[in-house]
Ligand code: ATP
Ligand code: MG
């Protein structure tokens, strides 16, 4: 039915030849059923970790996850995770099962998985194993918990974020009982680590269904980032549909303003993400102008991506019309393309030319370049070496006269 990569087939065949069952499982089967190429493959088997190791003697093995029944096998240099069928024991702390029991029954393993579309297994010789009608839910485009949603979310609150992330990224709805349970159990997110919540949120905001999910599940956003869930929240996220899937811009929209950035900080973002969101929000707050001179002024202190995001944000705040924002963004793209002069390096003269003119080496050179750049940005001077040198001479003469 599906073609699997050779490495996966080899792993399945090796386990089957040793007398065990083995399937590709989880996200890769979901993607194969949707006609999407999986980005990786997980394998599940009736063999225990010891039996997996024995079956793969001669291969390089990494035993990192062995406690949880996972052995990683390197086949042709590619790591492949092989996990023993298992049932999760009780979840004492709502995150980690207190113990893991290995099983010889594939359906036990599929029952512990989060959503029906993620609870399918496939092997060329055994066919598709789909006890919860994951394929039906893929056709209906629905995310549905395996089993009782309240139970499944209280076992592991991260599943709440995973549900909305999958719905957003796949463009699916969430089944009614699952959806009600998400709203009801949203407090469980308080126990989930910031890093894991942020990693799901980053994927959610760039999903094709982000606008709808963020609107319908604003209460979840309120749970993880209370500062963002203000009166303007619904209005802001409504516009997300029409923007490029840029996580920095979309997180900035969700946050709404600099005051809410602390909500993002609590989720422990990396420096690049935090700086990007912070810069876009602060530029937008300062009220970026859309004419070429204002745009160049902004570009002296921020990158093109930052300025583009700030223009988009201003359109969200209703301070400018969407069409005007589009015009400004086309202009910015054209400026970037043709290497518009917005930094001292892009001036048609260099510090060396200024030294030759008698500007003393050191700080004075940088200052002079910045002054010339200011004139160019304000369209008071051509970025052309003769004109720049003339201007430098007169600035120098004037300052000597001071
Ligand atoms: P993607 O890798 O595209 O995000 P995926 O479905 O492969 O999607 P993973 O996080 O890689 O997601 O998890 C692999 C599989 O493990 C899932 O398909 C699901 O069956 C199971 N799984 C992952 N996390 C959980 C969880 N918190 N609770 C229950 N099952 C889970
Ligand atoms: Mg995966």
Which ones in the range 369-402 are in a helix (DSSP H, G or I) and closer than 20 Å to residue 293 by Cα?
-> 369, 370, 371, 372, 373, 374, 375, 376, 377, 387, 388, 391
Over the range 49-58, the set of residues in a loop (DSSP other than H, G, I, E, B) and at pLDDT 95 or above is 56
Please tell me if residue 55 is away from ligand 1 (no atom under 16 Å from the Cβ), surrounded by 15 or more Cβ atoms within 10 Å (Cβ to Cβ) and in contact (Cβ under 8 Å) with a residue 60 or more places away in the chain.
-> no
Return a yes/no flag: does the range 35-42 have any residue that is away from ligand 2 (no atom under 16 Å from the Cβ), closer than 25 Å to residue 137 by Cβ and free of Cβ contacts under 8 Å to residues at least 40 places away in the same chain.
-> yes
Could you list, in sequence order, all residues of the range 19-48 that are assigned to a loop (DSSP other than H, G, I, E, B) and buried (at least 16 other Cβ atoms within 10 Å of the Cβ)?
-> 20, 21, 26, 38, 41, 46, 47, 48
Can you tell me which residues in the range 375-402 are surrounded by 14 or more Cβ atoms within 10 Å (Cβ to Cβ) and either in contact with a strand residue (DSSP E or B) (Cβ under 6 Å, 6 or more places away or on another chain) or in contact (Cβ under 8 Å) with a residue 60 or more places away in the chain (or both)?
-> 377
Among the residues of the range 73-80, is there at least one that is crowded, with 16+ Cβ neighbours inside 10 Å and modelled with pLDDT of 95 or more?
-> yes
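Yes/no per residue for (1) modelled with pLDDT of 95 or more; (2) in contact with a strand residue (DSSP E or B) (Cβ under 8 Å, 6 or more places away or on another chain); (3) under 15 Å from residue 120 (Cα atoms); (4) within 16 Å of ligand 2 (Cβ to nearest atom):
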position: 9; (1), (2), (3), (4): yes, no, no, no
position: 17; (1), (2), (3), (4): yes, no, no, no
position: 26; (1), (2), (3), (4): yes, yes, yes, yes
position: 69; (1), (2), (3), (4): no, yes, no, no
position: 85; (1), (2), (3), (4): yes, yes, yes, no
Of the residues 287, 318, which is modelled with pLDDT under 90, surrounded by fewer than 16 Cβ atoms within 10 Å (Cβ to Cβ) and over 29 Å from residue 169 (Cβ atoms)?
-> 287
Helices (runs of 4 or more DSSP H) contained in the range 92-202 and holding at least 3 residues crowded, with 21+ Cβ neighbours inside 10 Å and within 16 Å of ligand 2 (Cβ to nearest atom) = 158-170
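The values are calculated or read from the model by the stated rules, or taken from the named source; none is laboratory data. Just so it is clear, the structure is predicted and the values come from calculations on it, not from any experiment. No Cβ is skipped: glycine too gets one built from the backbone with ideal geometry, and neighbour counts run over all protein chains shown.
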